[in-house]
Amino acid sequence: MNAKLSAIRSAALAPALALVVSLIIGAIIMLISGVNPLTAYESLLRGSFGSASALGKTLSNATPLILTGIAVAFAFRGGLFNIGGDGQFAAGAVTAAWLGVSLNLPGLLGPITVLVAAALAGATVGALAGVLKARFRAHEVVVTIMLNFIVVNIAMWLLMHPLDGFTQVPGSAQIRPENALAPLGFGLPGVHLGLVVAIVAAIAATIFLWRTPNGLELRVTGISVKAAKYSGVNGTVAAMIALGGGGAFAGLAGAGEVLGTYGNMTVPFVTNLGFLGIGVALLGRNHPLGCIVGGIVLGALSAGGQRMQFDLGISAHLAEILVAVVLIFITMETAFTRRRKVRASPSPLNSIEASNDR
Amino acid sequence: MTNEKPLALRMTGITKSFGGTKANDGIDLAVRHGEILGLLGENGAGKSTLMNILYGLIQPDGGTIEVDGVELRMTSSSVALSHGIGMVHQHFMLIPAFTVIENIALGAEPSQHGVVDRAEARRAVVELSERFGLKVDPNALVSDLGVAARQRVEILRALYRGAKTLVLDEPTAVLSPQETDHLFAVLREMASAGMSLILISHKLNELIALTHRVTIIRDGKVVGTVETADTSPQELATLMVGRETSLVLDVVDHKRTAEPLLKVRGLTIDDPKLGVVDFDVYGGEIVGIAGVDGSGQSELLEAIVGLRRATSGTVSIAGRDVTKSSSRTRLELGLGYVPEDRTTEGLVGALSVRENSILRRQRRKSWRRWGLLAPSIILAHARALIATNDVRPPNPDLPVQALSGGNQQKLLIGRELADNPDIVIVSQPTRGVDIAASRDIQRRMLDARNDNRAVLIASLDLDEIKALSDRVLVLFRGEIVGEVARADATDETLGLLMTGEKA
């Protein structure tokens with residue numbers, strides 16, 4: 001257990017240092033633009049954790065981010081870089097919008113069925129990229145990005161035609177209340193059961209990766225394709241599980257936004273959560289449980305950034321710049337772990353080259 | 001006598017630490033002009049670190065390097081090159097898609113008004129190759145060349161760049177005996193032309209045959225420099241290991257079983273590297289597959305194990321046709337397999353000993369409780385493997401890449417033998433493994449044979465093939481060109497078969 005704790009500590013060290021360094025850089029930027037960084041960071045902190053409503057904003061921001069983060073981390077454990085979060089998210093969201101409006105089932109069966117269907121929709125989009133990768137050596141980065149365009153636009157078309165709710169803002173009709181993900185309460189506005197779904201998903205992904213033969217096979221594939229073949233792993237199946245599994249988490253994220261946060265899916269719908277998932281996975285060191293932390297950090301920066309803008313008139317873009325700086329520092333893995341020989345976990349950004357080899 | 005010649009190179013007090021361990025601890029080494037110096041040491045003794053320091057790839061913490069009496073700082077390999085230090089690595093650094101000339105001239109192109117002067121490069125290369133007997137077609141693509149020819153290109157490249165002191169890292173590891181003889185003739189020619197050579201090797205007989213002096217290092221320190229004429233393989237081994245080591249393996253005659261356990265009939269795969277192959281392995285015998293690098297050993301073993309699909313022919317295990325079975329089925333039918341690549345195929349370097357201990361059999365129900373992998377069961381299995389195979393350090397949570405090559409191999413072979421398979425297939429059993437661990441591993445294979453299992457090994461190390469095998473099958477261009485019994489397996493016979501000169 002002690003060994004485990006120190007492993008966690010050393011895995012968290014680099015992201016934590018990166019966070020600190022980027023806050024310092026952010027402070028320098030603020031000084032240049034004539035803002036007192038202490039006031040600004042105080043406002044950032046207040047806006048993210050300072051009150052129940054601030055915490056609520058942070059956690060509701062974090063809910064989809066945790067899941068799109070796992071979508072990247074999970075695939076990366078299998079050696080594949082999932083940039084398809086946005087498409088998988090849209091597939092999940094549009095599935096939730098369709099079933100959420102039309103499905104009429106008793107009790108919790110409604111939202112559970114919708115969530116499962118949305119996860120399957122995301123998984124299908126991801127697995128498609130996996131098949132193309134394994135069978136035809138189509139690079140998953142290119143394929144998942146292209147699938148984003150295809151799936152997002154199909155979703156938009158569906159929302160404007162068969163699923164059109166004839167509401168004032170173009171999009172689907174409101175979902176049936178019994179299919180909604182209920183607010184979590186605790187005086188945290190905006191936080192719904194989707195957060196529980198995200199945490200359960202993180203635990204499930206962890207158990208899958210470290211406690212099942214399939215998970216071991218996936219991780220072996222991620223480290224060495226040769227060793228996976230030697231261990232009797234079917235490369236196509238492994239790629240489908242990696243990207244399909246990842247897609248399922250992104251699909252859940254989309255469903256959570258529709259069923260818990262917005263109640264319907266509009267045209268256009270929230271975008272970029274899939275891409276931000278890459279940052280969440282980086283912060284979480286590609287561990288599903290780490291993605292919970294990563295999601296909360298990015299969720300807090302975004303909530304606090306809004307508050308900074310409100311209080312001090314600092315552009316919300318500054319918060320976005322901060323996030324970008326944090327992520328750049330995290331990718332500089334050797335900057336904070338210079339003397340360490342064995343890395344806690346590799347960065348997905350190095351995997352593009354590695355995954356080309358299969 | 002070489003003794004009277006002045007020093008070409010002198011390294012004094014070279015020290016280098018990585019983390020807490022001293023890879024080089026005050027190493028002194030000197031080579032005279034026209035001398036061939038052997039550098040002997042086990043894996044991890046510090047040979048590579050020392051040579052990388054000489055070649056400017058690593059900066060030492062302390063110590064000096066003098067070339068022809070002038071102290072130099074080797075800040076990069078180009079500095080080393082410009083002072084006449086050349087290196088031929090064990091893994092060739094050639095670009096296969098380029099021609100011989102292009103590879104040799106790359107980075108050192110003679111240019112005329114900024115345009116590469118190919119004619120001049122060719123002239124220089126041809127002259128060097130004739131002078132030292134390094135025969136090679138300058139226009140051939142490197143990808144079309146055999147291993148021995150690629151090595152000649154590497155040597156030519158170093159010479160072309162003006163190397164006067166040449167370091168060769170395990171140059172004979174991939175060569176047939178005749179190719180080794182030829183290489184040695186070339187190296188002697190280079191030495192008599194006044195060049196200095198440093199030969200890194202762990203093959204004691206070769207060091208005795210070729211060198212003038214041998215410097216032995218152990219645990220980062222020089223433990224002795226001996227005149228080759230006054231030493232013996234036994235003395236070198238004792239210096240290298242630090243205690244008396246038996247160089248001979250006791251092999252007691254053993255009667256093989258009546259029926260073969262492994263039958264290979266007319267096997268072909270979708271790869272021209274392997275031809276049509278027929279052979280049997282009986283219980284209670286070790287069959288060795290010899291051949292130069294690239295003659296199809298790996299492909300053959302992978303086809304038998306089920307990692308490559310047969311396009312025709314059959315493979316049977318104990319009378320059962322497994323040609324269509326997956327590698328996992330073959331494993332469960334009693335086929336243990338140790339691939340040549342330890343850390344990226346047989347084991348996963350980044351994963352713990354514990355997780356590696358169930359690899360390839362990860363789907364067995366016996367590791368699970370409540371449907372999930374049970375850490376306690378796996379831990380017990382890992383501990384048992386560590387204990388029975390003397391894996392050090394005995395820590396199941398260490399990543400496999402933190403173990404030495406010898407301990408990795410003991411773990412890997414132990415895991416594959418733990419199921420008591422009828423057939424054990426081992427590729428390169430002791431490559432990169434120190435002497436003591438090699439002996440342990442070879443004994444385990446003899447035990448398996450004495451236990452009436454069928455043992456099939458493939459090795460590029462002929463000494464190992466000869467020491468272990470009851471029968472040797474020689475592969476040449478994917479075909480079995482000869483079968484030699486233990487008593488007749490000499491370097492001469494095997495070498496001629498390996499290079500296709502006698503069929």
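Only Lys, Arg, Asp and Glu carry charge here, each on its Cβ (+1 for the first two, -1 for the last two); on that basis the range B:92-162 has a dipole of about 160 debye about its Cα centre.
Tell me, in nm to one decimal, what length is gained between B:A229 and B:N395 on full extension, where the rule is 0.36 nm per residue of separation less the Cα-Cα distance?
On the way: separation 166, 0.36 × 166 = 59.76 nm, distance 4.44 nm.
Roughly 55.3 nm would be gained on extension.
Among beta bridges identified by DSSP and lying wholly in chain B, the antiparallel ones come to about 60 percent.
Suppose we flag GluC sites (Glu not before Pro) only when DSSP calls them loop and at most 16 other Cβ atoms lie within 10 Å. Which is the longest uninterrupted stretch of chain B?
Values: sites that count: B:E244, B:E501.
Answer - B:245-500.
When a footprinting reagent is the concern and you count Cβ atoms within 10 Å, what order do A:F76, A:F136, B:F279 take, fewest first? Intermediate values should be presented prior to the final figure.
Values: A:F76 25, A:F136 8, B:F279 19.
Starting with the residue having the fewest Cβ neighbours, the order is A:F136, B:F279, A:F76.
I want to verify the translational diffusion coefficient of chain A in µm²/s; compute it with Stokes-Einstein, Rh as the Kirkwood radius over Cα pairs, at 25 °C and 0.890 mPa s.
Working: Rh = 20.7 Å.
It diffuses with D of about 119 µm²/s by this estimate.
The phi-based Karplus calculation (6.51 cos²θ - 1.76 cosθ + 1.60; θ = phi - 60°) puts the 3J(HN,Hα) values of the range B:27-37 at 7, 10, 8, 9, 10, 8, 4, x, 9, 10, 9 Hz, whole numbers, x for Gly and Pro. The local environment of A:L209, defined by Cβ-Cβ distances under 14 Å, has a net charge of +2 under the rule Lys, Arg +1 and Asp, Glu -1. When each of A:H287, B:H212, B:H91 is scored by the number of other beta-carbon atoms lying within 10 Å, the sequence from fewest to most is B:H91, B:H212, A:H287.
The spacing between the range B:134-196 and the range A:77-111, judged by their C-alpha centroids, is 62 Å. Taking label points 7 Å from Cα along the Cα-to-Cβ direction, B:R364 and B:E244 give a separation of 4.1 nm. In this rough spin-label picture, where each label sits 7 Å from Cα along the Cβ direction, the A:H139-B:D68 distance is 4.8 nm. Please list log₁₀ I(q)/I(0) at q = 0.19, 0.28 Å⁻¹ for the range B:92-162, using the Debye equation with identical point scatterers on the alpha-carbon positions. Log-scaled intensity ratios, in q order: -0.67, -1.39.
In chain B, helices alone account for a calculated mean residue ellipticity at 222 nm of -9500 deg cm²/dmol, with every DSSP H run of four or more residues adding -39,500 (n - 2.57).
For B:R123, the shell of other residues with beta-carbons less than 13 Å away shows a net charge of -1, using +1 for Lys and Arg and -1 for Asp and Glu.
So which trypsin sites (Lys or Arg not before Pro) in the range B:255-333 are both in a DSSP loop and have at most 13 other Cβ atoms within 10 Å of their Cβ? Walk me through the intermediate numbers first.
On the way: sites: B:K255, B:R256, B:K263, B:R265, B:K273, B:R308, B:R309, B:R320, B:K324, B:R328, B:R330; in loops: B:K255, B:R256, B:K273, B:R308, B:R309, B:K324.
Here the trypsin sites (Lys or Arg not before Pro) that fit, given the DSSP loop and packing criteria, are B:K255, B:R309, B:K324.
Report the net charge of residues surrounding A:A73, where surrounding means a beta-carbon distance below 14 angstrom and charges are Lys +1, Arg +1, Asp -1, Glu -1. Provide the component values of the computation, followed by the final result.
Working: positive: A:R77, A:R219, A:R285; negative: none.
Cβ neighbours under 14 Å give a net charge of +3.
The fraction of Cα-Cα pairs per 20 angstrom bin, counted from 0 for chain B, comes to 21, 51, 26, 2 percent, rounded to whole percents.
Cut-off is 10 Å between beta-carbons; in what order do B:Y55, A:Y41 appear when sorted fewest neighbours first? Show your work: numbers first, answer last.
On the way: B:Y55 19, A:Y41 16.
Ascending Cβ contact count within 10 Å gives the list A:Y41, B:Y55.
Averaged over all directions, how much area does the convex hull of the C-alpha atoms of the range B:23-95 cover when projected, in nm²?
Hull-based average projected area comes out at 5.7 nm².
Calculated FRET efficiency, A:N153 and B:L57, Cβ-Cβ r, R0 51 Å, to nearest 0.05?
On the way: r = 52 Å, r/R0 = 1.02.
With R0 = 51 Å, the Cβ-Cβ based efficiency is 0.45.
Extent along the principal axes, Cα only, for the protein assembly as shown: 97, 71, 55 Å, with the longest axis given first.
The calculated FRET efficiency for A:A182 paired with B:A387, based on their beta-carbon distance and R0 = 60 Å, is about 0.65.
Every read-out reported here was derived from the displayed coordinates using simple, explicitly stated rules and does not represent laboratory data. Source: prediction; values computed, not measured. Ideal geometry is used to build each Cβ from the backbone, glycine not excepted, and the neighbour counts take in all protein chains shown.
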